[in-house]
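The values are calculated or read from the model by the stated rules, or taken from the named source; none is laboratory data. Keep in mind the model is a prediction, meaning the values are calculated, not measured. Methodologically, a virtual Cβ is constructed for each residue, glycine included, from the backbone with ideal geometry; neighbour enumeration extends over all protein chains shown.
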């Protein structure tokens, strides 16, 4: 006969799986644009900078209102927030598939951002509220792989599907997949135990957030610039610099993204045995060093290996930031606000990153990114040393 402990363990795993699946598909909507540059350029005459903004505008909502969203999802109800967010994201993606103009696509992309925000802010707060305290760091570190998994999935599948069926069919498929996942997840998530909703004192909660959380969020902005912005523009970089098709570049990006996934999982395995300081020092130095090969190499194989290494080290930093939130917070509402704050700063990095990278590449060439990454890694090192001291 199944014991109460076994039922609780099964429920926690089911909740985590449902939340993770929704998070991955939400992230896939961020990455679904990258493999479609050539087709969108033909349809709407889009240049590098315009394409960069199209990629990043989904993060506008996060950059604008992440902290408020972190508090609102707790007040509105975490389960309702994540399910409603997934349905809205699916609907907006389907609308994008029939958009008659690039301007409408940009507006829909901004609206997608608010739905995406509801999913990715509610998700880690649900996990933090439903796993044992001694498992929170590992559970959140593994959940932190959602973004790279989603980007990787979209990059690997998007190039070939969009090339074969067109970008509109690719967008429609993404919308259907997200809606289907929301239907399945809604069968598992209503059983999540309290405290999952209620009134939230906005000003009080924000004032009570520690300086360490604010510094951690600033560090996460840099982490996002090092991961999301670069990964989002990687298909364009590989195609433009090494003269390969966007289909091939998308497939390679999907494989390269696994480097960040490995970094997330690596941190999840060692976080209880190795001091955070040792991990973030090694990761920052490693990412800066690998960027020389990633963006300075003239050989495709060397560049791919360098990109994998950069994203591996950055992946460990992403997992570290998410895992640190519960221990720097006090209570569910504060965890929600802290996750919202991380999402807001990360959204800011993801918003400005792709167009900045596109502008730098257009003005100075792709190798100039080596200097950008080295500078960002140094700033990251300083911020994490203050947040996690």
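What to note about this one:
- Count of residues meeting criterion [over 20 Å from residue 356 (Cβ atoms) and either assigned to a helix (DSSP H, G or I) or in contact with a helix residue (DSSP H, G or I) (Cβ under 6 Å, 6 or more places away or on another chain) (or both)] in the stretch 224-243: 1
- Of everything in the stretch 343-358 that is more than 30 Å from residue 327 (Cβ to Cβ) and touching a helix residue (DSSP H, G or I) at 6+ places or on another chain (Cβ under 6 Å), the residue that is surrounded by the fewest Cβ atoms within 10 Å (Cβ to Cβ) is 355.
- Single condition residue 345 does not satisfy, out of (1) at pLDDT below 85; (2) within 24 Å of residue 204 (Cβ to Cβ): (1)
- Condition broken by residue 99, with the remaining ones in (1) modelled with pLDDT under 80; (2) in a loop (DSSP other than H, G, I, E, B) satisfied: (1)
- So residue 115, is it modelled with pLDDT of 90 or more and part of a helix (DSSP H, G or I): yes
- Set 222, 279: member being more than 23 Å from residue 30 (Cβ to Cβ) and buried (at least 20 other Cβ atoms within 10 Å of the Cβ): 279
- Pairs, first free of Cβ contacts under 8 Å to residues at least 24 places away in the same chain in the stretch 106-120, second buried (at least 24 other Cβ atoms within 10 Å of the Cβ) and not in a helix (DSSP H, G or I), C-beta under 8 Å, six or more apart: none
- Residues located in the stretch 150-164, provided they are touching a helix residue (DSSP H, G or I) at 6+ places or on another chain (Cβ under 8 Å) and either over 21 Å from residue 262 (Cα atoms) or surrounded by 24 or more Cβ atoms within 10 Å (Cβ to Cβ) (or both): 151, 152, 154, 155, 158, 159, 160, 161, 162, 163
- Among the residues of the stretch 359-371, just one is under 26 Å from residue 110 (Cβ atoms) and surrounded by 18 or more Cβ atoms within 10 Å (Cβ to Cβ), namely 361.
- Meeting the requirement of 1 or more residues that are at pLDDT below 85, the helices (runs of 4 or more DSSP H) wholly within the stretch 146-211 are 146-165, 202-208.
- Residue match in the stretch 276-292 (condition: part of a helix (DSSP H, G or I), modelled with pLDDT under 90 and closer than 30 Å to residue 122 by Cβ): yes
- Consider the stretch 11-31 and keep the residues that are under 20 Å from residue 173 (Cβ atoms) and modelled with pLDDT under 90. The one that is surrounded by the most Cβ atoms within 10 Å (Cβ to Cβ) is 31.
- Filtered residues of the stretch 295-330 (kept if without any contact (Cβ under 8 Å) to a residue 24 or more places away in the chain and assigned to a helix (DSSP H, G or I)): 301, 302, 305, 306
- Only one of 292, 308 that is surrounded by fewer than 23 Cβ atoms within 10 Å (Cβ to Cβ), within 21 Å of the chain's Cα centre (by Cα) and more than 21 Å from residue 388 (Cα to Cα): 308
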